[in-house]
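**Q** One structure follows; several queries about it will come next.
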Amino acid sequence: MPYVSTEAPVTTGALTSAPPASPSDESLSPGRPGYRRMSLGLFAAGVAAFALLYSTQALLPAVSADFGVTAGQASWTVSAATGALALFVLPLSALSERFGRRTLMTVSLTVAVVVGLLVPFAPNLEWLIALRAVQGAALAGLPASAMAYLAEEVRPRALVGAIGLFVAGNSIGGMSGRIVAGWISQLWGWRAGLAAVGLIALVCAVAFRVLLPKARHFTPGTLDPRALARTVGRHLADPLLRRLYAIGALFMTVFGAVYTAIGFRLVEAPFNLPQGVIGSIFLVYLVGTLSSAAAGKLVERLGRRGALYLAVGTTAAGLLLSLTDSLAAVLLGLVLITAGFFAGHAVASSAVSRTAKTGRAQASALYQSAYYVGSSVGGTLGAVAFHTGGWGATVGLGLLAVLGVVSVTLYGTHAARVEERALAAAAGR
């Protein structure tokens, strides 16, 4: 899932434009004309985008067998898409400030869907990876633009609900794309599975364009690359933001490794599951929706670091449990890994908006970049680890990333205490 903040994106230093429009009678809110169309339109966009982004993940064993390549090589069909998204999310979020949110989202989805309809005809693995990279780059224009559109067009009191529906579209798209691709692949092959996902995305993209109202509060700005670079530089110089970016990347490394390699494990002995059933494993994502929603209460009770430690412990327990050869234990392990990952991701991503006092759009985009870099690295290394050392090696990689989260969090705790002592000493002088 993409990072989503419930705070309005604020662009500082990246461009010069008029101040954001204040809420007016034309702002969208429940019960007002256009709100339902807007909500359904962005829901459809979220379904299309994330069905396409992870469409090959459930099909990796079939792709690997058809092209006669290793698990690590096949995993690049996922990593190329998420890596390209990570690379392009920041520049495309800046372009939306100049050309408009609705326009950029429309272009992004159109390109991604067209490529999605071409992907099933890829003659070899190299072409498949290249097309998936183009698809990921195109999809990078959606998340930040959607958040900015909502912040500008929706009344503040209705913003959380509108964002929640967009996030639901993301989750359902990522889950349903894998499930549909898995079952269609079992019946007619992986190319048919990808074609089905492409057609679903096409319908959703058309619905998005027809339903989404035109922007009423968008004011185009003039891009200033040097100002954008200064804003990004300030964020990267902030120690706390760097730690949050690292935590997001490390959590996603675990998640990417597990869900890229799990299909290869379940298709082999002692499980020998068919492709459709393997695709249905992604129903576990629903657990992540619940744990994300509970993250706020965890932070209230345990603090941000306490919530992160709980998320880490849950993820580690799931990784260890998945080592057994019992299908029930493996599924429970996936539940724990998914719950821990989504809780940790929610804690880290929400902290980004609270930490960044200016340039929150760029701070959020940097988090998304780190997040999807983690997805790419985890997906590729997880598949390579499985190919060379089996599931135990993939779990070892995941535990190493979990240890990284613990180390970063402990270092943050130490740094905070040192700063507190220094402030206390200065106050006592």
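**Q** In the range 134-157, how many are among the aliphatic types (A, V, I, L, M), more than 16 Å from the chain's Cα centre (by Cα) and modelled with pLDDT of 75 or more? Can you show your working first?
**A** So in the range 134-157, the residues among the aliphatic types (A, V, I, L, M) come out as 134, 137-140, 142, 144, 146-148, 150-151, 154.
Then keep just the ones that are more than 16 Å from the chain's Cα centre (by Cα); that gives 134, 148, 150-151, 154.
Subsequent filtering for residues that are modelled with pLDDT of 75 or more retains 134, 150, 154.
Qualifying residue count for the region: 3.
**Q** In addition: Report, by residue number, each residue of the range 235-261 that is more than 15 Å from residue 337 (Cα to Cα) and of a type in the set (A, V, I, L, M). Working first, answer last.
**A** First, the residues of the range 235-261 that are more than 15 Å from residue 337 (Cα to Cα): 235-247, 249.
236, 237, 240, 241, 244, 246, 247, 249, listed by residue number.
**Q** Closer than 24 Å to residue 193 by Cβ and among the charged types (D, E, K, R) - does that describe any residue in the range 130-143?
**A** yes
**Q** Being at negative phi, out of contact with any Phe, Trp or Tyr (no Cβ under 7 Å at 6 or more places or on another chain) and without any contact (Cβ under 8 Å) to a residue 12 or more places away in the chain is true for just one of 197, 206. Which residue is that? Write out each step before concluding.
**A** Numbers: 197 fails: without any contact (Cβ under 8 Å) to a residue 12 or more places away in the chain.
Going through 197, 206 in turn, the sole match is 206.
**Q** Does the range 393-403 contain any residue that is more than 27 Å from the chain's Cα centre (by Cα) and either at pLDDT 95 or above or open to solvent by 50 Å² or more (accessible area, probe 1.4 Å) (or both)?
**A** Applying the first criterion (more than 27 Å from the chain's Cα centre (by Cα)) to the range 393-403 yields none.
No: the range 393-403 contains no residue that is more than 27 Å from the chain's Cα centre (by Cα) and either at pLDDT 95 or above or open to solvent by 50 Å² or more (accessible area, probe 1.4 Å) (or both).
**Q** Exactly one condition in (1) under 21 Å from residue 285 (Cα atoms); (2) modelled with pLDDT under 95 is not met by residue 86; state its number.
**A** Checking residue 86 against (1) under 21 Å from residue 285 (Cα atoms); (2) modelled with pLDDT under 95, the one that fails is (1).
**Q** Scan (1) over 27 Å from residue 116 (Cβ atoms); (2) open to solvent by 60 Å² or more (accessible area, probe 1.4 Å); (3) hydrophobic (A, V, I, L, M, F, W, C); (4) at pLDDT 90 or above for the single condition residue 200 breaks and write down its number.
**A** (1)
**Q** Looking only at the range 213-231, which residues are in contact with a helix residue (DSSP H, G or I) (Cβ under 9 Å, 6 or more places away or on another chain), open to solvent by 20 Å² or more (accessible area, probe 1.4 Å) and part of a helix (DSSP H, G or I)?
**A** Within the range 213-231, 225, 228 meet the criteria.
**Q** Shifting gears a bit: Scanning the range 340-359 for residues that are within 18 Å of the chain's Cα centre (by Cα) and surrounded by fewer than 23 Cβ atoms within 10 Å (Cβ to Cβ), which turns out modelled with the lowest pLDDT?
**A** Of the range 340-359, the ones within 18 Å of the chain's Cα centre (by Cα) are 340-353.
Imposing the further condition that a residue be surrounded by fewer than 23 Cβ atoms within 10 Å (Cβ to Cβ) reduces the set to 350-351, 353.
Details: 350: 75, 351: 81, 353: 64.
Top of the filtered list is 353.
**Q** If a residue counts only when it is open to solvent by 20 Å² or more (accessible area, probe 1.4 Å) and within 16 Å of residue 375 (Cβ to Cβ), which helices (runs of 4 or more DSSP H) contained entirely in the range 26-120 have at least 3 such residues?
**A** On the way: elements: 35-53, 60-67, 71-74, 76-99, 101-118.
Correct list: 76-99.
**Q** Looking at (1) touching a Lys or Arg at 6+ places or on another chain (Cβ under 9 Å); (2) modelled with pLDDT under 90, find the lone condition where residue 77 falls short.
**A** Here residue 77 clears every test but (2).
**Q** When you look at residue 160, is it at negative phi, at pLDDT below 85 and in contact with a Ser or Thr (Cβ under 8 Å, 6 or more places away or on another chain), yes or no? Before you say what the answer is, go through the steps one by one.
**A** Details: at negative phi: yes; at pLDDT below 85: yes; in contact with a Ser or Thr (Cβ under 8 Å, 6 or more places away or on another chain): yes.
Judged against the criteria, residue 160 is a match.
The values are calculated or read from the model by the stated rules, or taken from the named source; none is laboratory data. As the structure is a computational prediction, the values presented were derived from the model and not from experiment. Quick reminder, even Gly has a Cβ in these numbers, built from the backbone with ideal geometry, and neighbours come from all protein chains shown. In case anyone asks, the SASA skips ligands and DNA or RNA and just uses the protein heavy atoms, side chains included. Shrake-Rupley method; radii C 1.70, N 1.55, O 1.52, S 1.80 Å.
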